[in-house]
Amino acid sequence: NYMNSSIIITTYNSSKTIKPVIENFFKILDHNDELIIVDDGSIDNTKNIIKKYNDRRLKLFESNHIGRAKALNLGVINSSGQVVFINDSDDFSNKSRIKNSKYLIEKGYDAVFGKALTFNNFSQESLDNILIKLNNSSDDINKKQEIYILRDRHLFKTLSLHHSSLAIRREKLIEIGLYNEDLDICIDLDLYYRFLTNKLNVCVSNKIFIARHYGDTRFYSSYPKKKYIKNLLKLRKKYRNILKPPMYTYIYDL
């Protein structure tokens with residue numbers, strides 16, 4: 001019973017990173033999977049780069065600058081895969097991400113996360129090295145896939161989940177209301193809290209699924225830090241009142 005996949009990528013002025021990310025997916029996707037890119041009003045060359053590809057698996061949706069949550073929701077609504085994979089426009093997935101995520105979803109999990117390699121530099125040499133490491137991690141058959149179940153205490157510690165490693169049943173994501181379009185930050189954390197309030201069965205694999213770029217293209221590098229922390233604590237308080245996690249997790253707020 002084959003489950004087809006929809007990879008959702010949102011772009012905004014991603015011309016420096018999107019080409020190798022697209023080409024990486026063309027290598028690992030099956031012929032009836034799809035790569036959905038929602039361009040959120042880029043003013044650089046991003047859209048022209050995407051439009052050069054002639055592959056029926058690639059679907060581009062263009063929007064005005066509507067923000068990340070709305071752009072992600074637009075991608076999910078226009079997807080047709082039974083399993084939705086989230087991927088940032090400067091992160092890479094290995095082939096075991098799709099295989100291992102689907103294996104766990106077929107076992108009955110609603111959503112799956114994996115581990116990440118991290119890199120800071122998008123130079124060709126750095127990129128070649130990280131992709132070799134990522135593909136080697138994919139072929140590590142000696143490492144047994146182990147998981148832990150996502151619980152409230154994990155989400156009230158320092159967040160260690162990687163948004164770009166998320167795979168989720170499409171119907172479940174729609175059922176819980178997609179991404180919260182009223183938020184401009186922490187949309188991923190808000191979603192994870194709602195996984196728990198809606199009693200989704202979510203697990204985290206010990207396998208490396210992605211290479212995650214920590215560079216100057218990241219949104220939060222330009223977001224005011226005080227405002228970020230204030231909104232983060234407000235969100236934690238909201239879900240603390242609902243989920244009632246262990247008392248010791250208050251220390252992470254400090």
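In table form, for the structure just shown:
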read-out: Hz values of 3J(HN,Hα) by residue in region 47-54 - Karplus curve (6.51, -1.76, 1.60), Gly and Pro given as x; value: 5, 5, 5, 5, 5, 6, 7, 10
read-out: Linear extension gain, ASN78 paired with ASN198, 0.36 nm per residue minus alpha-carbon span; value: 40.9 nm
read-out: Listed residues TYR214, ILE28, TYR250: farthest to the positive end of the dipole of the chain (Cβ charges); value: TYR250
read-out: Charge dipole of region 22-110 about the Cα centre (unit charges at C-beta), most positive-ward option of SER63, ILE77, LEU104; value: LEU104
read-out: Region 1-59 and region 89-152: distance between their alpha carbon centers, rounded to Å; value: 18
read-out: For region 24-133, average projected area of the Cα convex hull in nm²; value: 8.0
read-out: Computed lengthening from TYR250 to LYS19, 0.36 nm per intervening residue step minus Cα-Cα distance; value: 78.9 nm
read-out: Percentage, to the nearest whole number, of Cα pairs in the chain over 29 Å apart; value: 28
read-out: Over region 28-69: Kirkwood hydrodynamic radius from C-alpha pairwise inverse distances, Å; value: 11.4
read-out: Label point distance in nm, ASP44-LYS225, each placed 7 Å from Cα along Cα→Cβ; value: 2.5
read-out: Region 12-49 residues near the modelled TYR103 label - backbone nitrogen below 19 Å, point 7 Å along Cα→Cβ; value: 28-30
read-out: Accessible area of the chain belonging to carbon and sulfur atoms, whole % at 1.4 Å probe; value: 50
read-out: Spatially proximal lysines relative to LYS226 (Cα-Cα < 23 Å; intrachain offsets below 8 disregarded); value: LYS157, LYS234, LYS237, LYS238
read-out: Heavy-atom accessible area per residue - the chain, 1.4 Å, Å²; value: 51
read-out: Positive dipole terminus of the chain, leading residue within ILE147, ASN129, LEU173 (C-beta point charges); value: ILE147
read-out: Label point at GLU62 placed 7 Å out along Cα→Cβ; residues across region 9-40 whose backbone nitrogen lies under 12 Å; value: 39-40
read-out: Per-selection Kirkwood Rh - region 100-196 (Cα, Å, 1 d.p.); value: 15.7
read-out: Cα-based Rg and Dmax for region 118-254, where Dmax is the largest Cα-Cα distance (Å); value: 17.0, 48
read-out: Zero-based 5 Å bins, Cα pair distances in region 150-214, whole percents; value: 3, 14, 28, 26, 21, 7, 1
read-out: Extension gain (nm, one decimal) between GLU175 and PHE122, 0.36 nm per residue minus Cα-Cα; value: 15.4 nm
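The values are calculated or read from the model by the stated rules, or taken from the named source; none is laboratory data. Keep in mind the model is a prediction, meaning the values are calculated, not measured. Cβ sites come from the backbone with ideal geometry, for glycine too, and all protein chains shown count toward neighbours. All accessible areas refer to the heavy atoms of the entire protein, side chains included, with ligands and DNA or RNA removed. Shrake-Rupley method; radii C 1.70, N 1.55, O 1.52, S 1.80 Å.
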